Amino acid sequence: MNKTKLNRVIGDGNIVIPLYMLKFYKNLNLTMEEFVFLMYLYNKQDKIDFNPEKIALDMNLDIMEVMGYISVLTDKGYLSLDVMKSENDILEEVINLQAFYDKVSMLLINNSEEKEDSNLLKYIEREIGRPLSSLEIEMIEGWIKNNIEEELIKEATSIAIKDGVYSLKYIDKILFDWKSRGFRSIDDVHNQKIKETEDLDVEIDDDWNWLDDEEEYITN
């Protein structure tokens, strides 16, 4: 290869693969070849002209292979071929990767939620001082699916531990009680505690002398 051709090859640019894409690669249900093809398209960003000849040249494939990858990735729900108007009102066929972006977004969201759930499980295990059983994990997952805030679950766990009870059924009863009373956040619980404390306050007559009252009690 002469220097001119070598410089042209080097100047073709790079394909950047984000690290999170590599982490989720096995969750995408793609072969390595399909993944590399998709990453090539991904690096084209927003507008990808449907030009099989150019793609084949860039990736050292034949046109039939390019069409095969397009077909497979369309069937798997990662891309679509759309017709759009150009700035000159000319109809152009483009490759749309919005479906791929949606799938990756869901993977990121689910992964984040799994980490949060895992942290909550570890917190409860640490508080009760033992590993959780499969039934207890299902109970916690039920709380989460019912949109009970993590802080509420932690508060109920803390109360159970203070009461000397290390049972998740007891924690579940606390959460059920709060839900029946309309508590939706940790602030609701704290505000109720303040109210109950205020209700316990007794109005005392300013003229009452507790020393005199105590002397009368002793004399009697």
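The values are calculated or read from the model by the stated rules, or taken from the named source; none is laboratory data. Here the structure is a predicted model, which is why all the values come from computation and not from measurement. Glycine also receives a Cβ, built like all others from the backbone with ideal geometry; neighbour counts cover every protein chain displayed. The accessibility values were calculated without ligands, DNA or RNA, using every heavy atom of the protein model including side chains. Shrake-Rupley method; radii C 1.70, N 1.55, O 1.52, S 1.80 Å.
Brief remarks follow.
- Extension gain from residue 96 to residue 135, taking 0.36 nm per residue of separation minus the Cα-Cα distance: 9.6 nm
- Virtual spin-label span in nm between residue 151 and residue 23, 7 Å along Cα→Cβ: 2.6
- Given a 1.4 Å probe and the protein chains as shown, residue 42 ends up with an accessible area of around 40 Å².
- Counting heavy atoms of the protein chains alone, residue 82 has an accessible area of about 50 Å² for a 1.4 Å probe.
- log₁₀ of I(q)/I(0) at q = 0.11, 0.13, 0.19, 0.22 Å⁻¹ - the stretch 20-152, Debye sum with one point per alpha carbon: -0.58, -0.69, -1.06, -1.30
- Across the accessible surface of the stretch 64-166, with the other protein chains kept in place and a 1.4 Å probe, carbon and sulfur atoms take up 50 percent.
- Accessible area per residue, Å², the stretch 68-184 with all protein chains present, probe 1.4 Å: 63
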